[in-house]
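Enquirer: The structure that follows is given in the form of structure tokens.
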Protein chains: 2
Amino acid sequence: MHPALQKQIEGKISLSAEQEQLVSNCYKSRQAKKGEILLEKGNVARYLYFVVKGCLRVFLTKDDGSEWTRFLIFEDHFGTAFPSFVQQKPSVAAIQSMEPSELFMINRQDAQMLMKEIPGWETMMRLGLEQDYIASIERIESLITLDAKERYNILMQTQPGLIQRLPGKIIADYLGISQETLSRLKSKK
Amino acid sequence: MHPALQKQIEGKISLSAEQEQLVSNCYKSRQAKKGEILLEKGNVARYLYFVVKGCLRVFLTKDDGSEWTRFLIFEDHFGTAFPSFVQQKPSVAAIQSMEPSELFMINRQDAQMLMKEIPGWETMMRLGLEQDYIASIERIESLITLDAKERYNILMQTQPGLIQRLPGKIIADYLGISQETLSRLKSKK
DNA sequence: GTGATTTATTGACTATTGTCAATCTTTTTA
DNA sequence: TAAAAAGATTGACAATAGTCAATAAATCAC
């Protein structure tokens, strides 16, 4: 099994040799170029991705051509177009690789099989889900209670790496503001 | 066991008599008056609530006295100040009963014990969590991609009951807008 | 490396939403 | 039921953020 995946599991569950083999077989490796689209809007999200290296962006497109970043997935994190993956229905969001990325991917069936077959696996998934849900709650709070500048300041404090690594236009649509407004915030503050 | 709770479980898991007794013992019944505070900001959320009748509001308060509704929990739904409940740390949000409410409550320890002891219970919880997470993702999308009027229109389409049942000021801070703006949206559209 | 493309900044103007205040309506409660 | 409290509406104005356009800077591809 790939050491990055191993690292996610160790300390949470201990696997037998056969279990480790089972897990290892479920995850397929994949590379993605910068800018490459992994899931197009309208298709079903068949895979949950694990980012070994690089960064994925889950984003929304509107008819006027505007784009909005729903989530960013960095190293050592899992992610996908979650509603589509869970419900196996067409996704309103697309997934794009923001950098040359090294990924592992698992389909829904296999993900469910592992939860059924490996004791503790579902618990591990649930705990991850709890963390993701908490992060999304905090994002909602920041969107309803703070203005653009405050949201940007918090992002700088909590995720400085994100700001250095991604173009400002992506930061802007992640924060729910325009690129121009973000540019002005950066100089004003 | 109370029929409303029973209804949540039936079709998902079948419980033995002892298991049913175990579940039943974990849930304590509670009434709450309209306006009553169930959790104050700064305290740890000890309970996950199930709403049999009525409505709970999980909300944030800022120093200037403004309030913002993080979540609303209606009949046949579970909810609490989730980050605090999961991490057992002081809550930034408070919980208030918006109507005379009939509730069941379970503490974190018992909730975890049921997941450990009853086969299928954790799966049921995980599926509920997935749904809540999806709902929160959709709320984020609506906050970053839509303006106030569009958000209000969608809320009217998807949750008309919510709008009839709660005061406009609550609808407004749930949507992340001021009461005055909401009032103007209602007459303009 | 150099041209081409993408990204960032800045100005001018507009649109949306917020704030404050006054008034009106509804609901609660004694 | 009447007084009080809470909620809703409206106007005037301010502030925040968006849009369009031009230019500058950075990055990419060959």
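The values are calculated or read from the model by the stated rules, or taken from the named source; none is laboratory data. It should be emphasised that the depicted structure is a prediction, and the values quoted were computed from it without experimental measurement. Cβ placement follows ideal geometry from the backbone for every residue including glycine, while neighbour counts extend to all protein chains displayed.
Enquirer: Mind listing just one residue for me: the one in segment A:166-189 that is more than 11 Å from DNA strand D (Cβ to nearest atom) and over 20 Å from A:Leu60 (Cβ atoms) and, of those, modelled with the highest pLDDT?
Expert: Going through the qualifying residues, I end up with A:Lys186.
Enquirer: For segment B:166-189, which positions are away from chain A (no Cβ under 11 Å) and not in a helix (DSSP H, G or I)?
Expert: Taking segment B:166-189 and keeping what is away from chain A (no Cβ under 11 Å), we get B:166-171, B:178-189.
The answer is B:Leu166, B:Pro167, B:Ser178, B:Lys189.
Enquirer: Going through segment A:49-92 one residue at a time, which ones are within 17 Å of A:Arg30 (Cα to Cα) and among the charged types (D, E, K, R)?
Expert: A:Lys53, A:Arg57, A:Glu75, A:Asp76
Enquirer: May I ask you to verify whether A:Ile163 is more than 13 Å from chain B (Cβ to nearest Cβ) and either basic (Lys, Arg) or within 16 Å of DNA strand D (Cβ to nearest atom) (or both)?
Expert: Taking the combined requirement at face value, the residue satisfies it.
Enquirer: Can you find even one residue in segment A:101-123 that is among the β-branched types (Val, Ile, Thr), within 14 Å of another protein chain (Cβ to nearest Cβ) and either within 14 Å of the chain's Cα centre (by Cα) or within 30 Å of A:Gln19 (Cβ to Cβ) (or both)?
Expert: Yes, segment A:101-123 contains a residue that is among the β-branched types (Val, Ile, Thr), within 14 Å of another protein chain (Cβ to nearest Cβ) and either within 14 Å of the chain's Cα centre (by Cα) or within 30 Å of A:Gln19 (Cβ to Cβ) (or both).
Enquirer: Against the conditions (1) under 21 Å from B:Met113 (Cα atoms); (2) surrounded by 14 or more Cβ atoms within 10 Å (Cβ to Cβ); (3) out of contact with any Lys or Arg (no Cβ under 7 Å at 6 or more places or on another chain), where does B:Ala17 fall short? Just the number, please.
Expert: (2)
Enquirer: Would you be able to tell me the number of residues in segment A:134-189 that are within 17 Å of A:Cys55 (Cβ to Cβ) and within 9 Å of DNA strand C (Cβ to nearest atom)?
Expert: 7
Enquirer: Hey, can you tell me all the residues within segment A:131-152 that are within 13 Å of DNA strand D (Cβ to nearest atom) and touching a Lys or Arg at 6+ places or on another chain (Cβ under 7 Å)?
Expert: The answer is A:Ser142, A:Thr145, A:Lys149.
Enquirer: Oh, and also: Could you please let me know if B:Leu129 is within 19 Å of B:Glu67 (Cβ to Cβ), touching a helix residue (DSSP H, G or I) at 6+ places or on another chain (Cβ under 6 Å), within 13 Å of chain A (Cβ to nearest Cβ) and surrounded by 17 or more Cβ atoms within 10 Å (Cβ to Cβ)?
Expert: no
Enquirer: Please state which one of B:Ile163, B:Ile137 is touching a helix residue (DSSP H, G or I) at 6+ places or on another chain (Cβ under 9 Å), within 29 Å of B:Ala32 (Cα to Cα) and of a type outside the set (S, T, N, Q).
Expert: Numbers: B:Ile137 fails: within 29 Å of B:Ala32 (Cα to Cα).
Just one listed residue meets the conditions, B:Ile163.
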